[in-house]
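The values are calculated or read from the model by the stated rules, or taken from the named source; none is laboratory data. All of these numbers come straight from a predicted model, not from anything done at the bench. With ideal geometry, Cβ positions are generated from the backbone for all residues, glycine too; neighbour counts draw on all protein chains shown.
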Amino acid sequence: MRRRRPATAIGTKTMITVDAPIESAVVRRLTILPRGGSARIALAASIIIAGLAVIALCAPLLAPHDPTQGDLSNALAGSSAQHLLGTDQNGRDILSRLIYGGRTALLGPLGVTLLATAIGLPLGLLAGHVGSVVDSVVSRVWDVLLAFPTTVLGILLVAAIGPGYTGAIIAMAIAYVPLMGRMVRGATIVERQKPYVDACRVQGFSTARILFRHVLPAITPLVVAQATLNFGYSLLDLAGLAYLGLGVQPPTADWGQMLNTGQGGLVLGASSEMASAAIAILVAVVSVNLLGDALVNRAEASR
Amino acid sequence: MFLFVGRRLAVAVIQLFVTSLVIFGVLYNAPGSPIDLLSGGNRLSVEAKEALRQRFHLDEPFLQQYGRWLSGTIRGDFGQSIAANDSVTAVVGPRIPPTLQLAAYAFLLVAIVGVTAGILAAVHRGRIADTMVSAAVLVGSAMSPYVSGTLLLATLSVGMGWFPLFGSGVAGLDRIHHLTLPAVALSIPLIALIARTCRASLSEVLNREFIEVLRSRGFTERRIVGVHALKGALVPVLTVSGLAFGFLISGTVFAENVFGVGGLGSLLIQSVQSKDYAVVQAIVLILVAAFIVLNLAVDVLCVAVDPRLRSAPKP
Amino acid sequence: MSNPLLQITDLKVSAASAGRRVDIVRGVNLEVERGQALALIGESGSGKSMTARCITKLLPRGFVIDGKVIFDGADVLAMQAPALRELRARRVALITQDPRAGIDPLQTCGDALVEVIRTNLGLSRREATDKAAGLLREVGILDTDRVMSCYPHQLSGGMLQRILIAGAIATGPDLLIADEPTTALDVTTQAEIIELFKKLMASKGLAVIFISHDLDLAASLCSRVAVMYAGRLVEVSDTPTLFAAPRHPYTAGLLAARPKLHSRQLRLEAIPGRPPITAEMAPGCAFAPRCGFATARCHQGLPPLTTPGRAADITNEVACWRCDELDVVEGLATQGRGRG
């Protein structure tokens, strides 16, 4: 999608520029996968994500130990039959914490993405389609939010709400609303200029009907693609907040948190906690990014 | 052109004001009343509490408090740090140089490595260099600085002992030595971003018809790619730089915490945890102001490079 | 008529696409004399642009060229990069279809011209600027100061095409390849550009290869016409003969398909069918499936490009098995009457 729009829009996260087809309307896409033939990679990525989700869901069945109970006398033990990945500083089984950690690591981004989409999508539709005052107000608010670096905004909001899992989710959701909203607004504006919207108007369809029965299905592939990418980015952000101690609080198991505690164990020679958490995060994010990139390809191809 | 810069400058100033209002307002009613913190949990008489409230102007209406704070910041007075029992300026001030140095170091790495990788991948599209860059970009994009930082720490610092574990070191070479790992950790996801944008953008330009026409005029590949193609590829890369600066700023917060660098980022997290809101507000304001200024510079550069952007209508 | 400026012998171009080989140019023989204008006519996909690009070996990666291209005695296909650059800079110039796409949008037109002049002719900045202004006047642009300070997006398509032509003739080439130079322009501007070509040919002895799908336009400029179909030449002839007495059914079909200005017409005489995709080409003449005169022999063997029997056509060539026995113009008219 090429736009004849300058990078002069108020606000700093301008994704719509003159002849910048690579950025299109979707924010921060990977542009790694070739235009075609990415279906197999997308499938592999989906399988990995689904696998991680299943493991997290079946945590009680799969984890050999209680992730929050530890035997201090056995702290920082190496790999053994009892503890495949060893134990952490509190004697808790790392493998179990890793498995349970998937729950917070995956649920959090899901919450952020769903919330951000739930707020950003309708607002974006309205702002893009109706324009005028609604657009001005909404866009100005988003511009303000986008004037902050995303994670810094998250940290600020967490400071206001108070550190904690739900607090972090709400904070990041607020920070992500403009990302989704801006994209939806842009896509809606493009759709609004297409003849079928005029045709609907002429037939006397209500705005709600046009938006939900016609425009929304047209932009859904883009929305899904962007949501997938947002899932990946918020996964990193939330784990980062947990690492900083502002997100998930101990003793709940979480990958970001395990990175933090695992780092402490490094000097003492125990690296499995940190390494496993890092690998888990990387695998999850890379898979989500690949899937998101493939979805973006497909969404753009269908336009 | 000047009209554009003027307008953009005005926008930036407005942004600064509005964000400062948000920063002040968000923490206005934050949990952990300053009074409780100041009193250290001791029971105070009503008069003592009232005296404290008056001393810290906590009894004034919101906008007045905001105005007081704002005028203070313009004069360089950000209030009092409750945790350090010192002025915020004294606490925050010394933290700025390490953060600046870290950011500058990382920026240099990103500019050199990222752009080079992107150019290589675009010029050798479809061959080994391109595949390698793409794979690196894929993994690098997932490496938020706390992930890359801890991994680097584990391998190069604890493992190999090549780099110090934490701290920002004393000035000069020692500082560079200390800041290298954090800067590398910080730059990895940014290099991925710049490289992939540069590659995509340059590839797209190289496919354009005017490149073929330039070849037909007998120009060398070096001139075509170096002068014409790169300039054409610049605008999307510049646009993405705006985004990248955001990641750079957020990233320094992570990198500083991983490596214990005594900069703004580590102080920020400390202050959030100790509910020292005056410091939080000051640091966030500084970071956001830097972001706004950097984006202003990027937008102006964009318009300077591409003349078509100067006369285009507003969206 | 020996020592032509350009001699293309048995040119073949193929590409590997999705594992299969795709033949784009399937054996083309062409000659261009100094100062001569040759029209290269064909539909999209006929291989005409590819053929022209081969003259300076300007093909993208992944294309395989076979055959011989001799320019003023030099073997182009055997040339290495420095010699090729010299060829492109001084001897052969290219103009493409869309002037807006063919110019660097981030440079002023003046800077673009000066760059070409300085890089290829080594003049100083002031000399180059003067020469650029002179070139612009030659191509019919009078307000040189303003135009040179403008960016491409501020100028019209016709103006841009003139500027591109100015850049192309800056180094005084012997051959100008114009690949559909007027397709993106309106009709009035088209005529102006053709006039410009005529003037340049007269004043500089420029040879031109004019690629187009528009027969009439090409005829107004060129003395010889070569018609391409599906990667091969089907007819090469001097312009008057081609229009008066075409020998190949495809050529006749193209001529008949033009809307007539002077008589009533109930429907356009389109050639039935569509050009073949390389993958689905059967043995034999590529035009046979669409040809109203095709016989069994036409479907079996590829007709060579040869001089037909009649004495008047010594320098003309046709690739048709039945060229000596057919009167295609009459035959098409009969078929048309039968259909209409």
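Between a residue in segment C:206-219 that is over 18 Å from C:Thr171 (Cβ atoms) and any residue that is assigned to a helix (DSSP H, G or I) and among the hydrophobic types (A, V, I, L, M, F, W, C), which pairs come within a Cβ distance under 7 Å, given they are 6 or more apart or on different chains?
C:Phe210/C:Ala218; C:Phe210/C:Leu221; C:Ile211/C:Ala52; C:Ser212/C:Ala218; C:Leu215/C:Leu254; C:Leu215/C:Leu255; C:Leu217/C:Ile194; C:Ala219/C:Phe243
Do you know which residues across segment A:246-285 are free of Cβ contacts under 8 Å to residues at least 40 places away in the same chain and not in a loop (DSSP other than H, G, I, E, B)?
Once the filter is applied, which keeps residues that are free of Cβ contacts under 8 Å to residues at least 40 places away in the same chain and not in a loop (DSSP other than H, G, I, E, B), segment A:246-285 yields A:Leu259, A:Asn260, A:Gln263, A:Leu266, A:Met274, A:Ala275, A:Ala278, A:Ile279, A:Leu282.
Which is closer than 26 Å to C:Leu11 by Cβ and free of Cβ contacts under 8 Å to residues at least 24 places away in the same chain, of C:Pro249, C:Pro283, C:Pro259?
C:Pro283
Can you name the condition, by its number, that A:Ser79 falls short on among (1) farther than 26 Å from A:Ala284 by Cα; (2) in contact with a Gly (Cβ under 6 Å, 6 or more places away or on another chain)?
Among (1) farther than 26 Å from A:Ala284 by Cα; (2) in contact with a Gly (Cβ under 6 Å, 6 or more places away or on another chain), A:Ser79 violates only (1).
Name the helices (runs of 4 or more DSSP H) wholly within segment B:100-171 that hold at least 2 residues that are loosely packed, with under 15 Cβ neighbours inside 10 Å and not aromatic (Phe, Trp, Tyr)?
Here the list reads B:128-141.
Can you find, within segment A:260-281, the residue that is farthest from the other protein chains (Cβ to nearest Cβ) among those that are buried (at least 19 other Cβ atoms within 10 Å of the Cβ) and over 15 Å from A:Arg92 (Cβ atoms)?
Only one residue tops the list, namely A:Ala280.
Name the helices (runs of 4 or more DSSP H) wholly within segment C:146-226 that hold at least 2 residues that are among the charged types (D, E, K, R) and modelled with pLDDT under 90?
By residue number, C:187-204.
Could you tell me whether B:Gly118 is over 26 Å from A:Glu273 (Cβ atoms), at the interface with another protein chain (Cβ under 10 Å from one of its Cβ atoms) and of a type outside the set (S, T, N, Q)?
No; evaluated as a whole, the condition is false for this residue.
When only residues in segment B:283-313 that are in contact (Cβ under 8 Å) with a residue 24 or more places away in the chain and not in a helix (DSSP H, G or I) count, which is nearest to the other protein chains (Cβ to nearest Cβ)?
The extreme case among them is B:Asp306.
Tally the residues that are among the small types (Gly, Ala, Ser) and facing chain C (nearest Cβ under 7 Å), restricting the search to segment B:192-223.
2
Exactly one of these conditions fails for A:Ile210: (1) away from chain B (no Cβ under 13 Å); (2) within 30 Å of A:Ala277 (Cβ to Cβ). Give me its number.
Unmet condition: (2).
Are any of the residues in segment B:148-164 touching a His at 6+ places or on another chain (Cβ under 8 Å) and either touching a residue at least 60 places away in the same chain (Cβ under 8 Å) or away from chain C (no Cβ under 14 Å) (or both)?
Scanning segment B:148-164 turns up at least one residue that is touching a His at 6+ places or on another chain (Cβ under 8 Å) and either touching a residue at least 60 places away in the same chain (Cβ under 8 Å) or away from chain C (no Cβ under 14 Å) (or both).
Could you please let me know if C:Pro82 is more than 8 Å from chain B (Cβ to nearest Cβ), surrounded by 24 or more Cβ atoms within 10 Å (Cβ to Cβ) and either over 17 Å from C:Val13 (Cβ atoms) or not basic (Lys, Arg) (or both)?
Judged against the criteria, C:Pro82 is not a match.
Within the set of pairs 6+ apart or on separate chains, which have a first residue in segment B:61-84 that is of a type outside the set (Gly, Ala, Ser), a second that is in a strand (DSSP E or B), and C-beta atoms under 9 Å apart?
From residues that are of a type outside the set (Gly, Ala, Ser), the pairs are B:Asp77/B:Ser87; B:Phe78/B:Ser87; B:Gln80/B:Asp86; B:Gln80/B:Ser87.
For segment B:239-270, name all the residues that are facing another protein chain (nearest Cβ under 8 Å) and at pLDDT below 90.
Hits for segment B:239-270 are B:Thr239, B:Val240, B:Gly242, B:Leu243.
Give segment B:247-282 a look and list any residue that's within 18 Å of B:Leu108 (Cβ to Cβ) and without any contact (Cβ under 8 Å) to a residue 60 or more places away in the chain, or say none.
Residue satisfying the conditions is B:Phe247 alone.
State the number of residues belonging to segment C:12-41 that are on the phi > 0 side of the Ramachandran plot and not in a strand (DSSP E or B).
The qualifying residues number 3.
If we scan segment C:143-160, do we find a residue that is among the acidic types (Asp, Glu) and away from chain B (no Cβ under 14 Å)?
Yes; the residues of segment C:143-160 include at least one that is among the acidic types (Asp, Glu) and away from chain B (no Cβ under 14 Å).
Consider A:Leu295 carefully, then state whether it is assigned to a helix (DSSP H, G or I), under 16 Å from the mean Cα position of the chain (by Cα) and without any contact (Cβ under 8 Å) to a residue 12 or more places away in the chain.
no
Give the residue, chosen from B:Gly251, B:Gly218, that is on the phi > 0 side of the Ramachandran plot and of a type outside the set (A, V, I, L, M).
One residue alone meets the criteria, B:Gly218.
For the structure I just gave you, tell me whether A:Ala239 is aliphatic (A, V, I, L, M), facing another protein chain (nearest Cβ under 10 Å) and under 18 Å from the mean Cα position of the chain (by Cα).
yes
Check every one of the helices (runs of 4 or more DSSP H) wholly within segment A:66-183 and list those with 3 or more residues that are crowded, with 19+ Cβ neighbours inside 10 Å and more than 14 Å from every other protein chain (Cβ to nearest Cβ).
So the answer is A:94-130.
Answer yes or no as to whether B:Ala229 is over 30 Å from B:Ala154 (Cβ atoms), surrounded by 22 or more Cβ atoms within 10 Å (Cβ to Cβ), within 13 Å of chain C (Cβ to nearest Cβ) and not polar (S, T, N, Q).
yes
So C:Ala93 clears everything in (1) surrounded by fewer than 21 Cβ atoms within 10 Å (Cβ to Cβ); (2) more than 30 Å from C:Pro246 (Cβ to Cβ); (3) within 12 Å of chain B (Cβ to nearest Cβ) except one condition, right? Which one?
(1)
Go through (1) within 12 Å of chain A (Cβ to nearest Cβ); (2) of a type in the set (A, V, I, L, M, F, W, C); (3) over 22 Å from the mean Cα position of the chain (by Cα) for B:Ile188 and report which single condition fails.
Of everything listed in (1) within 12 Å of chain A (Cβ to nearest Cβ); (2) of a type in the set (A, V, I, L, M, F, W, C); (3) over 22 Å from the mean Cα position of the chain (by Cα), B:Ile188 misses just condition (3).
Residue under question is C:Glu31, and the condition is that it be within 15 Å of C:Gln97 (Cβ to Cβ) and within 14 Å of the chain's Cα centre (by Cα); does it hold?
No, not satisfied.
Which residues, counting only those in segment C:111-140, are under 30 Å from B:Cys302 (Cβ atoms), touching a residue at least 40 places away in the same chain (Cβ under 8 Å) and either among the small types (Gly, Ala, Ser) or surrounded by fewer than 20 Cβ atoms within 10 Å (Cβ to Cβ) (or both)?
Scanning segment C:111-140 gives a single hit, C:Ala112.
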